[in-house]
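Okay, structure first, notes after.
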Amino acid sequence: MATLSTDVLVIGGGATGASVVWDAALRGLHVVLADRADLVEGTSGRFHGLLHSGGRYVVKDPRAAEECIVENRILREVAADCIEDTGGLFVTTPFDDPAYADRFAQGCRDTGVDCEEVAPAEALRDEPLLNPRISRAFRVPDANIDPWKMVWAMARGAHERSGARILPYHAAVDVHRRGEEVTGARLRDVRTGEELDVEARVTVNATGAWAGKVADMAGIEGVHVIPGRGIMLAMNHRLVDTVVNRCQMPTDGDIIVPIRTVCVIGTTDVHTDDPDDQTVAQEEVDALLDDGERLVPGFRRARALRVWTGVRPLFEDAKEDVRSTRDVTRAHTLLDHAERDGVGGFVTITGGKLTTCRLMAEETVDAVCRHLGESRPCTTTTERLPGSETGEYYHLGERLGRREDNLRNDELMCECELITRGKFEEALRRRGTDNLGDFRRTLRLGMGPCQGGFCIYRATGIMHGIDGMTAEQANEVLLSFLQERWKGVRPILYGDQLRQARLDDWIFQGVLDVGHLKQ
Amino acid sequence: MTEVLHELLRGSLDHCVKCTICETACPVSNVTPLFPGPKYAGPQAERYRVGDEPSVEWSVDYCSGCGICTQVCPQGVKIAEINAQARRKLKQQNGVPLRDRLIARPTVIGRLGTPTARLANASLRSRPLRIAVERVIGIHRDAALPGFARRSFRSWARRHSSPATGRRVVYFHNCGTQYYEPDVGKKTVAVLEHNGYQVEIPKQDCCGLPLQSNGLFDDARKYVLKAARVLAPYARDGALVVGNATSCTLMLKREAREILGLEDDPDLKLVSERTYDVCELLLELHDRGELKTDFHPVDEVVAYHAPCQQQGHGIGKPALELLALVPGLEVRELDAHCCGIAGTYGIKREKYDIAMAAGADLFDQIHASQAGLVACDSETCRWQIEHATQKTSVHPLELLHRAYRLPEPTG
Amino acid sequence: MRPSLHYDVVVLGAGVAGLTAAAKVAEGGARVCVLAKGVGSTHLAPGTLDVLGYTPERVEVPADALPAFVAGRPDHPYALLGVDAISPALDWFAGRIERGPHPGYRYVGNLKRNLLLPTAVGAARPSALVPETMAGGDLRAERPVCVVGLRPLRDFHASLCAANIARLGVEARAVELRLDMDRSEVNALGLARGFDDPVFRRDFVSRLAPQLDGDERVGMPAVLGLRDPHGAWADLEDRLGRPVFEIPTLPPSVPGIRVFDALHAALRAAGGRLVMGSRVAEGEREGTRVTALRSETAGRETYFGARAVVLATGGFASGALALGSDWVVRETVLDLPVRGVPAPGSPRFGAHYFGEQPMARVGVAVDATLRAEGAENVFVAGAALPGAEPWREGSGEGISLTSGHRAAELVLASDGLAAAA
């Protein structure tokens, strides 16, 4: 059995876990990050990409709003390359309580969320597809943020600064307890079955919606995280270039976020028992389409690209003695298990939203330092992530501009997302993986309108050609991609996307006949 | 208003299923890597374009605007129209060169050239002068430039009055007829009159298409609306608008409304509904049994090329069906999408070679057809064809005129 | 007086079904016009004529398998058409290819034996009638295969293709050639134009020949010439001294474009017309007859009057059938009733990608003579017909060709037209 020794073991490679790793590394600690799947495969990779201004919470949860606007400004400083400064709008549609708008404006003033009221005509000039009957409009500093870019920048940065070990595809199968002390965990590489023991002075449970399961492994009771499942729809192109919110109390389907080449509408809220629940109910899809129509008339005529589920972690403390919960804010929850349960070397951080991941990490690493008996200051408010050194925001046209510079040098293998063969081969070499899904997330391979119709054959062919793969492995890659993609399109297979799916069937079954590849 | 229409066209990108059919038909991307193709420049790149962000591309400038992609797209994506918007944005950002401003205004050139036709034509044939023009302005030294007519079409039209028959059409004769080929105009009028039409020829200016193709949208709007103001009163009075230049009639029919966002102008709307290509009109006449078919035999083998913007009308190739009525005339349908000139595209220094390569397939077919004559509805295509193949090229109307044995135009 | 033109027969759709129906009707003496929204199925399909490939077991002898196949599927287009209608359609097609614009080019095969051709990923696909340029790839023959990849053609991956062919028991290996082109990427059509040029071919052979071994046959992506595929193919076989065959790959399909060119030529030769880029928005009716098609031409509409109409507009892939976000299926051109739609509440699509997909069988409701329900002079052909899963069955082109051919016969025999012809 291989072993690894470290100061801090972080289980959970989403935005929170990665932020903890980055913060800890900056403070000079050695860190290991483990996730049972690829990084950002959980909740962080399944939301709409919104960098909150806080406007959403100014009435309902002013504390959360204050946190959001502060963190919004900090992230713009330190993670600019991951952020596209789209700006945001809150609009009062005919379906919203007109009285809310004034409460909203007051709430922004009270919480420090920058807010400027504009005439509806001006909002409509900027966003011509918005409901023409909006009666009020407010500008706020919403933006979008790319969680993959951010997390991988943090991972890279932590590795460069203090040799952090980043271990995707390593599931925690056991958390080690020695008496009243957690001393680390056993990890299993899900691809090979090999196991690895990690000895850590402190273990951080940053698994979000799965936090209860990991806490159970450590023998700690009562960490109940209720998964709140919601679906989101990506529409084929940006119907709006600004984040658009309904000006009302937060509810289902009240936001459209332009992110990369798509715009995402979300979300719904269905309680479930299982954080791995990925059901998509037809009624939820229909409801979101109706919600879309309210903000953007004609929404149902636009093309829906893909639907997916995300699970929000909603923490409920089942322990009587709440005094010990370090509940700095109702928005997220840090459980210092030394205080709460008398078990040292273990903290759980859960709840929250991606916008506040840096703050959550700061509190977590402060707790870690307490466990270590050391005092090390946090520097994540000012330290820029790798890639964000210039402080320049991301612009959507960047990929197109890069392609234009390279037109004669390299072939495009994924045309929708402008991925060149060179870039794909480089990513293959770097990641050394045979899971096309990993490239879906980082390169956005197969995430465009054709949903892999053209690029997946190319990708598989390239992988087989340079990777020393067998044909069986390549076939498996291809077939599992097709099945995985089918899951995301099946519930929204109408209109243009159905046409696309039929063309893709033509290619895969008619021309390539992949269904009859020798098993 | 313009932006809304822009959004409507942008919305059509949702129909793109990346099938590559547009790429198979694009005459430019098939011959040069400088243009990655209509699928790339249109629905694909459009997803990366944000309204108020600067343009990051240069390759869309190589799109010639022929519109074949939109024609063949089985899903209804307005590819060429999306490209036109992107091109315009690029040009606004980078500035429109003097050359483009100049060649986009054929009436300005025409007004300068016609009074001094002999001198102007001689200059255009002077090699040293052409080389200088290429260096200074950027028009390729070998580009097919037409010769100015000594007297404009208008000077004849002013003195011409059509017999009153009660069946009125208003003739939109286009700049080509006005300054370079007035005889084509005279023959068009004669053929229409032979078929019982009273032809009104008001004073008129450019339809604005070259300005639009060169990204000068505001100027293009001025011109096309001016044309609409001239033609609309006739249309309101029950007359049809007839043109012999298929690019210009397409501009009036739909391009101005779609690309320039003039959907709501009532004059233009009326004009667009009443505009006919002359062959289109004559064929419908024939369908009703009303076309004069007193054709004398014409013993010629003629190859017919439908210009890309004729195909853009979506009416098939009425010229073919008309020419089939002429006894003795053997018509060979050419099977190419584009001659390459695409209006003003092919005369530009940096695009001339691309244009000639794009048209190569057509030129080969013309030679292989062994036709003595090439019929084509667009004057810029005719000039390109003559330049590349040395074969005489005529408007299909001219063959009908000949078959009717109508008197040769004078003055 | 509204803008209008009149024909005996208007065919909607310029895929295999539409062009076949139109050409055959024109050959029968009627005045035909094809209205097409755009180019379609030909340019995407592999160019082979698949009559019946899977039932779901692989079919070796279509002539034997067909009767049992239709016996169990009375709703299938083959049941409607009668299996005897298939051969005459294949013969007609083969004849038009031979008389077509590609000198010497022809299709081989028949219903007595499916060929087993490799696909671009190396699966073995059964086809009844294939271009001569592909027949050499039949995987029933044991001759070793050398699959040639051509960079910068990005749509064909030789190593994966060869590796999968080898798993079928035929010796196979891959060779990658990099061609000198002035561009970083090229599609099949661009390369096919190259192969039309003898100088290009000679250059290609000089680079490939030294890499070939023993008696292997050469498998290439389907780029063997657009204008003269027979000439290009024969030239390569001659120079290499061994069989050469094409393997269809991602669109654009060069063999498919050849099919379009040949059928279009057949239509033209018979005096028919094709109007490209014309979308029909509606059919005007008098009682149960459709009397004119309202087409959206530039600026305004044009009405195409017709005595008979052939609806060959395709299925969901072409947008002829559409499923709205309200989950209602519509036939989008003539608004005809459709059949085979799963009942509300039952799944439209199966959870497994390769499993049954109920919506695939939806089509325009027709009677035994291909007439659409409620429109006695509208004949339906091709993917618009219900009851088939063309790609899973390997029957797409067979259905399109046979139904287009049969629709033409029925149209010509229908009242009004027999007299005119």
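The values are calculated or read from the model by the stated rules, or taken from the named source; none is laboratory data. Since we're looking at a predicted model, the values are computed, not measured. Heads up, the Cβs are rebuilt from the backbone with ideal geometry, glycines too, and the neighbour counts pull from every protein chain shown.
Determine whether C:V147 is more than 26 Å from A:L479 (Cα to Cα), among the β-branched types (V, I, T) and either in a strand (DSSP E or B) or at the interface with chain A (Cβ under 10 Å from one of its Cβ atoms) (or both).
No; evaluated as a whole, the condition is false for this residue.
Here are B:C279, B:C308: which of them is modelled with pLDDT under 95, buried (at least 18 other Cβ atoms within 10 Å of the Cβ) and within 16 Å of the chain's Cα centre (by Cα)?
Step by step, each of B:C279, B:C308 is checked, and only B:C308 is modelled with pLDDT under 95, buried (at least 18 other Cβ atoms within 10 Å of the Cβ) and within 16 Å of the chain's Cα centre (by Cα).
In the range A:1-26, which residues are surrounded by fewer than 24 Cβ atoms within 10 Å (Cβ to Cβ) and not hydroxyl-bearing (S, T, Y)?
A:M1, A:A2, A:L4, A:D7, A:L26
Answer yes or no: is there a residue in the range C:47-60 that is over 16 Å from C:S127 (Cα atoms), at pLDDT 95 or above and touching a Leu at 6+ places or on another chain (Cβ under 9 Å). Explain how you work it out, then say what you get.
Residues of the range C:47-60 that are over 16 Å from C:S127 (Cα atoms), as a first pass: none.
No, the range C:47-60 contains no residue that is over 16 Å from C:S127 (Cα atoms), at pLDDT 95 or above and touching a Leu at 6+ places or on another chain (Cβ under 9 Å).
Does the range B:367-387 hold any residues that are touching a residue at least 60 places away in the same chain (Cβ under 8 Å), in a helix (DSSP H, G or I) and either out of contact with any strand residue (DSSP E or B) (no Cβ under 9 Å at 6 or more places or on another chain) or surrounded by 24 or more Cβ atoms within 10 Å (Cβ to Cβ) (or both), and which are they?
B:E379, B:T380, B:C381, B:W383, B:Q384, B:I385, B:H387
Taking the options A:A158, A:A171, name whichever one is more than 24 Å from A:G212 (Cα to Cα) and within 23 Å of the chain's Cα centre (by Cα).
Result of the check over A:A158, A:A171: A:A158.
Going through the range B:337-376 one residue at a time, which ones are within 14 Å of chain C (Cβ to nearest Cβ) and in contact with a His (Cβ under 7 Å, 6 or more places away or on another chain)?
B:L362
Report the residue count in the range C:74-84 for those that are surrounded by fewer than 19 Cβ atoms within 10 Å (Cβ to Cβ) and modelled with pLDDT of 95 or more.
Total satisfying the criteria: 3.
Quick one: what pairs do we get from the range A:12-28, first residue of a type in the set (D, E, K, R), second part of a helix (DSSP H, G or I) and surrounded by fewer than 24 Cβ atoms within 10 Å (Cβ to Cβ), C-beta under 9 Å, 6+ apart or different chains?
Once the first residue is of a type in the set (D, E, K, R) and sits in the range A:12-28, its partners that are part of a helix (DSSP H, G or I) and surrounded by fewer than 24 Cβ atoms within 10 Å (Cβ to Cβ) give A:D23/A:E362; A:R27/A:S162; A:R27/A:C369.
Please determine, by comparing only the residues of the range C:31-53 that are part of a loop (DSSP other than H, G, I, E, B), away from chain B (no Cβ under 12 Å) and in contact with a helix residue (DSSP H, G or I) (Cβ under 6 Å, 6 or more places away or on another chain), which one is farthest from C:L401 (Cα to Cα).
Step one: of the range C:31-53, the residues part of a loop (DSSP other than H, G, I, E, B) are C:31, C:37-40, C:45-48, C:50-53.
After this cut, where a residue has to be away from chain B (no Cβ under 12 Å) as well, the list is C:46-48, C:50-53.
Pick out the ones that are also in contact with a helix residue (DSSP H, G or I) (Cβ under 6 Å, 6 or more places away or on another chain) and you get C:46-47, C:50-52.
Numbers: C:P46: 14, C:G47: 12, C:D50: 10, C:V51: 9, C:L52: 13 Å.
If we take residues in the range C:31-53 being part of a loop (DSSP other than H, G, I, E, B), away from chain B (no Cβ under 12 Å) and in contact with a helix residue (DSSP H, G or I) (Cβ under 6 Å, 6 or more places away or on another chain), then C:P46 is farthest from C:L401 (Cα to Cα).
Between a residue in the range A:46-67 that is under 15 Å from A:V264 (Cβ atoms) and any residue that is part of a helix (DSSP H, G or I), which pairs come within a Cβ distance under 7 Å, given they are 6 or more apart or on different chains?
What qualifies is A:F47/A:L354; A:L51/A:N72; A:L51/A:L75; A:L51/A:T355; A:H52/A:C68; A:H52/A:N72; A:H52/A:T355.
Are there any pairs with C-beta distances below 8 angstrom linking a residue in the range A:470-484 that is within 15 Å of C:A123 (Cα to Cα) to a residue that is at pLDDT 90 or above and among the basic types (K, R), with the two at least 6 apart or on different chains, and if so which?
Qualifying pairs under 8 Å: A:A471/C:R167; A:E472/C:R167.
Sort out for me the helices (runs of 4 or more DSSP H) sitting completely within the range C:187-290 that have 2 or more residues that are touching a residue at least 40 places away in the same chain (Cβ under 8 Å).
Qualifying helices (runs of 4 or more DSSP H): C:188-195, C:229-240, C:254-269.
For the range B:1-112, give me every one of the helices (runs of 4 or more DSSP H) that falls completely inside it and has 2 or more residues that are within 25 Å of C:G190 (Cα to Cα) and away from chain C (no Cβ under 14 Å).
The helices (runs of 4 or more DSSP H) meeting that bar are B:79-94.
If you check C:G219 against the conditions, is it away from every other protein chain (no Cβ under 12 Å) and either closer than 30 Å to B:K78 by Cα or small (G, A, S) (or both)?
Yes; evaluated as a whole, the condition is true for this residue.
Working only within the range A:485-519, note down all residues that are among the small types (G, A, S), more than 7 Å from chain C (Cβ to nearest Cβ) and under 19 Å from C:V328 (Cβ atoms).
Once the filter is applied, which keeps residues that are among the small types (G, A, S), more than 7 Å from chain C (Cβ to nearest Cβ) and under 19 Å from C:V328 (Cβ atoms), the range A:485-519 yields only A:A501.
Going by what's in this entry, would C:R178 be described as modelled with pLDDT under 95, basic (K, R) and touching a Pro at 6+ places or on another chain (Cβ under 7 Å)?
The answer is no for C:R178.
If we keep just the residues of the range A:234-255 that are more than 20 Å from A:R444 (Cα to Cα) and not in a loop (DSSP other than H, G, I, E, B), which is farthest from the chain's Cα centre (by Cα)? Explain how you work it out, then say what you get.
Within the range A:234-255, the first condition is being more than 20 Å from A:R444 (Cα to Cα), and the residues that meet it are A:240, A:242-255.
In the following step, the residues that additionally are not in a loop (DSSP other than H, G, I, E, B) were identified as A:243-246, A:255.
On the way: A:V243: 17, A:V244: 19, A:N245: 19, A:R246: 22, A:I255: 16 Å.
In this case the residue turns out to be A:R246.
Name the residue, out of C:S184, C:S159, that is assigned to a helix (DSSP H, G or I), facing chain A (nearest Cβ under 8 Å) and among the small types (G, A, S). Before you say what the answer is, go through the steps one by one.
Details: C:S184 fails: assigned to a helix (DSSP H, G or I).
The conditions single out C:S159.
Kindly establish whether A:F424 is more than 9 Å from every other protein chain (Cβ to nearest Cβ), under 30 Å from C:D180 (Cα atoms) and surrounded by 17 or more Cβ atoms within 10 Å (Cβ to Cβ). Steps first, answer last, please.
On the way: more than 9 Å from every other protein chain (Cβ to nearest Cβ): yes; under 30 Å from C:D180 (Cα atoms): yes; surrounded by 17 or more Cβ atoms within 10 Å (Cβ to Cβ): yes.
Yes: the conditions hold for A:F424.
Among the residues that make up the range C:390-404, is at least one of them closer than 27 Å to A:V285 by Cβ, away from chain A (no Cβ under 14 Å) and either touching a Lys or Arg at 6+ places or on another chain (Cβ under 7 Å) or free of Cβ contacts under 8 Å to residues at least 40 places away in the same chain (or both)? Write out each step before concluding.
Let us first name the residues in the range C:390-404 that are closer than 27 Å to A:V285 by Cβ, namely C:391-392.
Restricting the remaining residues to those that are away from chain A (no Cβ under 14 Å) gives none.
Checked the range C:390-404: no residue is closer than 27 Å to A:V285 by Cβ, away from chain A (no Cβ under 14 Å) and either touching a Lys or Arg at 6+ places or on another chain (Cβ under 7 Å) or free of Cβ contacts under 8 Å to residues at least 40 places away in the same chain (or both).
Hey, which of the strands (runs of 3 or more DSSP E) in the range C:306-417, taking only ones fully inside, have at least 3 residues that are farther than 30 Å from A:L478 by Cβ?
Values: elements: C:308-311, C:321-323, C:329-331, C:375-380.
It comes to C:308-311, C:329-331, C:375-380.
Of the conditions (1) within 14 Å of chain B (Cβ to nearest Cβ); (2) surrounded by fewer than 22 Cβ atoms within 10 Å (Cβ to Cβ), C:E284 clears all except one; give me its number.
The one condition C:E284 does not meet is (1).
For the range B:272-325, give me each residue that is of a type outside the set (G, A, S), closer than 23 Å to B:C66 by Cβ, outside any strand (DSSP E or B) and in contact with a Cys (Cβ under 8 Å, 6 or more places away or on another chain).
B:P307, B:C308, B:Q309, B:P318
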